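K.L.:
One structure follows; several queries about it will come next.
The values are calculated or read from the model by the stated rules, or taken from the named source; none is laboratory data. Here the structure is a predicted model, which means the values were calculated and not measured. Every residue, glycine as well, gets a Cβ built from its backbone with ideal geometry; the counts of neighbours run over all protein chains shown. Side chains included, ligands, DNA and RNA excluded: accessible areas come from the protein's heavy atoms. Shrake-Rupley method; radii C 1.70, N 1.55, O 1.52, S 1.80 Å.
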Amino acid sequence: MTCAVLLVRRGGALGLYLVTVSGCIIPDSEISVQDEFLNLHAVRIVEPSPVTERADSDCRERTSLSGCPRVPDTLPSGLISPGFALCVCQEGERDLGLGFDVFVEDADIDGQGDPTDDIIGALFLDMPDQPEDPRDFLAYTNHLPPEEPARRFRASDVQTIERPDPHLKAWTLGDQSRVDLCNDHDSPKDEFDGLHELRLIVTDRPWYRPALVDADGNAILDDNGLPSFADPVVGMPDLAAGATYDTASYVFQCFDASDPPEGVECNCEA
C-alpha cells in the first residue's frame with residue numbers, strides 16, 4: 001500500500017494525517033551509494049604566501065619547526081618580474097631565461113595513504129577566454145610536456161602544521177635548460193615584443209578525447225565494437241570522466257633586443 005503525509009486544517013488547527021493515495025513513492029532505505037568512481041578531492045595549484053616575521057616567530061615557539069611551513073621557491077601567478085629584462089633576441093641567440101617550479105596538490109589517496117591521481121598540465125600562450133581549440137595556443141612543450149605527470153615531493157620535504165600530508169607534486173621548468181619565454185615559445189608569431197599572458201592548466205584525469213562520429217552523427221566503432229575516440233584535446237579537462245582542474249595566469253613583457261627602450265639591457269647570447 002502506498003501512502004503520503006498530508007497537512008490539513010481541522011477545527012481551526014493544523015494537523016498531520018496519514019492517508020492513502022495512489023502513485024506515492026516510498027524511498028528505499030536499503031540504497032547504498034557506490035563512490036569508487038568519484039573524484040572526491042580537487043587538484044589545486046599551490047602558490048607561495050607571504051609570511052611575516054611575527055608569524056615565523058609564533059611558529060618557532062609553538063612547534064618544533066624553524067618557522068612557518070611554506071611552499072618551496074616557486075613563481076607566483078601575476079606579473080613575472082625576474083629582476084632582469086626578457087628580450088626577443090636575434091636569430092641564433094637566446095635570452096638568459098629563468099627556471100622555476102610549479103606545485104600542485106590533490107588529497108585523493110588509496111588505502112595505504114598513497115596519492116591515486118596522476119596530475120598533468122600544460123602551458124598556453126595568449127589564449128582567449130573561449131578558444132575554438134586550446135591546442136592552437138599550446139606553448140613551451142619542451143619544458144612542460146602535456147602528458148608528463150608531476151613528480152611527487154617527499155613528505156619530509158613539505159612540512160605542515162595540523163593538516164595531513166598535502167601530497168605535493170611539482171614540475172621543474174628550466175631543469176635542463178632555462179625557460180626562454182621570449183624566444184622558445186612554439187609560436188609562429190614573427191614579432192613577439194610586448195606583453196603576453198602565460199596560462200597554466202592542470203587536471204587530475206587524462207585530457208578530454210572527443211568520440212568519433214560519422215556524417216550522420218553515429219558513433220564510429222573499432223574492431224571490438226567499442227566507440228572510437230580522437231586525439232586528446234590538450235587543455236580541455238575531461239569533466240564527464242570526473243576530472244577536476246585548476247588554472248593560473250602569468251603576465252610577462254618581452255623587449256626587442258635590436259631596439260630596446262632606454263634603460264633596458266638585454267641578455268642575449270649565442
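K.L.:
May I ask you to verify whether Leu173 is open to solvent by less than 80 Å² (accessible area, probe 1.4 Å), at pLDDT 95 or above, within 20 Å of the chain's Cα centre (by Cα) and under 26 Å from Glu91 (Cα atoms)? Spell out how you get there, then give the answer.
P.N.:
Numbers: open to solvent by less than 80 Å² (accessible area, probe 1.4 Å): yes; at pLDDT 95 or above: no; within 20 Å of the chain's Cα centre (by Cα): yes; under 26 Å from Glu91 (Cα atoms): yes.
No: the conditions fail for Leu173.
Residue by residue, here is whether (1) modelled with pLDDT of 90 or more; (2) under 26 Å from Gly83 (Cβ atoms) holds:
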| position | (1), (2) |
| --- | --- |
| Arg178 | no, yes |
| Lys189 | no, yes |
| Arg199 | yes, yes |
| Gly225 | no, no |
| Tyr245 | yes, no |
| Pro261 | yes, yes |
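K.L.:
Does the range 149-171 contain at least one residue that is among the small types (Gly, Ala, Ser) and on the phi > 0 side of the Ramachandran plot?
P.N.:
no
K.L.:
Let me ask you something else. May I ask you to list the residues in the range 123-168 that are aromatic (Phe, Trp, Tyr) and touching a Lys or Arg at 6+ places or on another chain (Cβ under 9 Å)? Before you say what the answer is, go through the steps one by one.
P.N.:
So the first thing to find is which residues in the range 123-168 are aromatic (Phe, Trp, Tyr), and the list is 124, 137, 140, 153.
Answer for the range 123-168, where residues must be aromatic (Phe, Trp, Tyr) and touching a Lys or Arg at 6+ places or on another chain (Cβ under 9 Å): Phe124, Phe137, Phe153.
K.L.:
Something else now. Out of the residues in the range 191-234 that are among the acidic types (Asp, Glu) and loosely packed, with under 14 Cβ neighbours inside 10 Å, which is nearest to Glu91 (Cα to Cα)? Please lay out each step first, then the result.
P.N.:
First, pick out the residues of the range 191-234 that are among the acidic types (Asp, Glu): 191, 193, 197, 204, 214, 216, 222-223, 231.
Checking which are loosely packed, with under 14 Cβ neighbours inside 10 Å leaves us with 191, 214, 216, 222-223, 231.
Details: Glu191: 13, Asp214: 46, Asp216: 50, Asp222: 47, Asp223: 49, Asp231: 34 Å.
The selected residue is Glu191.
K.L.:
Applying the selection to the range 222-243, what residues are out of contact with any strand residue (DSSP E or B) (no Cβ under 7 Å at 6 or more places or on another chain) and touching a residue at least 60 places away in the same chain (Cβ under 8 Å)? Give the steps one after another, and end with the answer.
P.N.:
Here is the first cut: in the range 222-243, the residues out of contact with any strand residue (DSSP E or B) (no Cβ under 7 Å at 6 or more places or on another chain) are 222-226, 230-231, 239-242.
The answer is Gly242, and nothing else.
K.L.:
The conditions are (1) surrounded by 12 or more Cβ atoms within 10 Å (Cβ to Cβ); (2) under 18 Å from the mean Cα position of the chain (by Cα); (3) closer than 30 Å to Asp56 by Cα, and Phe124 fails exactly one of them. Which is it?
P.N.:
All conditions pass for Phe124, except number (3).
K.L.:
With Val102, Val71, Val88 as the choices, which residue is within 26 Å of Trp171 (Cα to Cα), modelled with pLDDT under 85 and buried (at least 17 other Cβ atoms within 10 Å of the Cβ)?
P.N.:
Values: Val102 fails: modelled with pLDDT under 85; Val88 fails: modelled with pLDDT under 85.
That would be Val71, the only listed residue that is within 26 Å of Trp171 (Cα to Cα), modelled with pLDDT under 85 and buried (at least 17 other Cβ atoms within 10 Å of the Cβ).
K.L.:
Take Asp118 and decide whether it is among the acidic types (Asp, Glu), over 13 Å from Leu173 (Cβ atoms), open to solvent by 20 Å² or more (accessible area, probe 1.4 Å) and modelled with pLDDT of 90 or more.
P.N.:
The answer is yes for Asp118.
K.L.:
Then there is this: When residues of the range 225-251 are filtered for being under 20 Å from the mean Cα position of the chain (by Cα), assigned to a strand (DSSP E or B) and more than 21 Å from Asp108 (Cβ to Cβ), how many remain?
P.N.:
The qualifying residues number 3.
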